[in-house]
1. Mind telling me which of the residues GLY244, GLY229, GLY269 ends up being within 21 Å of the chain's Cα centre (by Cα), assigned by TED's automatic domain parsing to the domain that holds MET217 and modelled with pLDDT under 95?
2. Return the residues of segment 247-266 that are surrounded by fewer than 15 Cβ atoms within 10 Å (Cβ to Cβ), out of contact with any strand residue (DSSP E or B) (no Cβ under 9 Å at 6 or more places or on another chain) and over 14 Å from VAL225 (Cα atoms); say none if nothing qualifies.
3. Which one of these is at pLDDT 95 or above, more than 30 Å from ARG155 (Cα to Cα) and in a helix (DSSP H, G or I): ILE64, ILE109?
4. Would you confirm whether or not segment 258-269 contains a residue that is under 16 Å from LEU147 (Cβ atoms), touching a Lys or Arg at 6+ places or on another chain (Cβ under 9 Å) and assigned to a helix (DSSP H, G or I)?
5. Does any residue in segment 57-79 that is β-branched (Val, Ile, Thr) come within less than 8 Å, Cβ to Cβ, of a residue that is modelled with pLDDT of 95 or more and surrounded by fewer than 21 Cβ atoms within 10 Å (Cβ to Cβ) six or more places away or on a different chain, and which pairs are these?
6. Starting from residues that are without any contact (Cβ under 8 Å) to a residue 24 or more places away in the chain and within 12 Å of ALA271 (Cβ to Cβ), keep the ones in segment 222-244 and report whichever is surrounded by the most Cβ atoms within 10 Å (Cβ to Cβ).
Amino acid sequence: MQIWRLARELRASKVDLVHTHLRRANTLAPIAGAIAGVPVIGGLHLPSPSRRGVDGLRDLTESIALRAGSRGATACSDSVARDNRVRLGSLPIATLANPAPPAPPLAMIETGRAAGRDASDPVAFLVVGRLAPEKRVEIALSAARHLLDRGIRFRLSIAGEGSEASRLRAFSRDLGLDSVVRFLGPRSDISRLMITHDVYLSASREEGLSIALLEAMAHAMPVIVTPAGSAETLVDRHVGYCVGMEDTEALASAMDELATDPAKRCNLGRAARLKVEQHHRLDDWSRDLVRLYERALAGRLPSSIPGGLRPDRAIF
């Protein structure tokens with residue numbers, strides 16, 4: 001019923017091309033588009049799912065719909081494209097790497113970060129994202145306990161909500177972190193939070209190309225991450241630390257190093273901002289997206305876009 005209704009809407013709206021995102025849209029739109037005679041491109045943002053039961057059946061239905069009804073799919077990173085290749089067979093997948101959200105000028109960020117603070121104030125760590133099992137926020141909390149035991153002065157803010165919220169709050173209390181950890185809930189002022197915190201932190205085990213990570217780098221924050229998705233290639237020693245999955249000790253050590261070295265935090269943060277300015281500009285992404293649409297309307301997704309996507313960023 002939903003598919004037929006969507007097909008009627010596509011016809012009535014005289015849509016030229018549909019670009020879908022996430023599983024539900026990727027499942028419904030390709031079939032509706034085929035009925036309405038409207039080309040559809042899917043959108044992939046996460047590693048290939050490997051679930052069972054009802055969720056596994058839904059994942060399979062998405063794969064079948066994309067393969068049967070779409071002209072191809074975009075992936076938000078090379079790692080997401082590679083990871084979804086097997087389940088999507090010969091369907092063209094063009095990598096269009098996520099852009100960094102716009103950020104204020106560097107001088108404004110650094111002035112705001114220093115406002116009302118001095119060298120004796122505790123370093124401020126920030127976690128941003130859904131409080132879901134795959135985000136492994138408990139690893140960050142365990143690392144915070146290590147820092148507290150070492151006598152490091154810090155605070156840790158966690159912005160987001162999700163299915164794990166109650167459990168994580170209880171876990172934080174059990175670790176005795178009430179004096180240093182704040183759960184902020186869902187927030188609409190992420191830019192302000194990134195300006196008023198010093199270091200971005202993620203212990204996630206499953207990512208595509210994290211928008212929150214790119215936004216933190218655009219806000220000149222040094223970052224500490226795990227090698228989930230594209231983080232391993234994005235984060236090198238010039239912009240922060242990439243530590244092992246589930247490695248609480250390594251995470252705590254990286255936090256310790258940055259907590260006690262404000263000059264290093266500043267240098268890494270500036271390098272992080274420069275990196276996303278050079279490789280993840282919103283203007284470049286918009287230009288590449290338009291070129292991709294033009295090629296898709298002409299027949300199929302491209303293996304390259306002149307002046308835009310490189311051949312090694314499109315996987316077939």
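1. Details: GLY244 fails: modelled with pLDDT under 95; GLY269 fails: modelled with pLDDT under 95.
Exactly one of GLY244, GLY229, GLY269 is within 21 Å of the chain's Cα centre (by Cα), assigned by TED's automatic domain parsing to the domain that holds MET217 and modelled with pLDDT under 95, namely GLY229.
2. We begin by selecting, within segment 247-266, every residue surrounded by fewer than 15 Cβ atoms within 10 Å (Cβ to Cβ); these are 249, 257, 260-264.
So of that shortlist, the ones also out of contact with any strand residue (DSSP E or B) (no Cβ under 9 Å at 6 or more places or on another chain) come out as 249, 261, 263-264.
Listed by number, the residues that qualify are ASP261, ALA263, LYS264.
3. Details: ILE109 fails: more than 30 Å from ARG155 (Cα to Cα).
Exactly one residue qualifies, and that residue is ILE64.
4. yes
5. THR74/HIS19; THR74/GLY43
6. Ranking the candidates gives VAL235 first.
The values are calculated or read from the model by the stated rules, or taken from the named source; none is laboratory data. These numbers come from a predicted model, not from an experiment. Glycine gets a Cβ as well: all are built from the backbone with ideal geometry, and neighbour counts include every protein chain shown.
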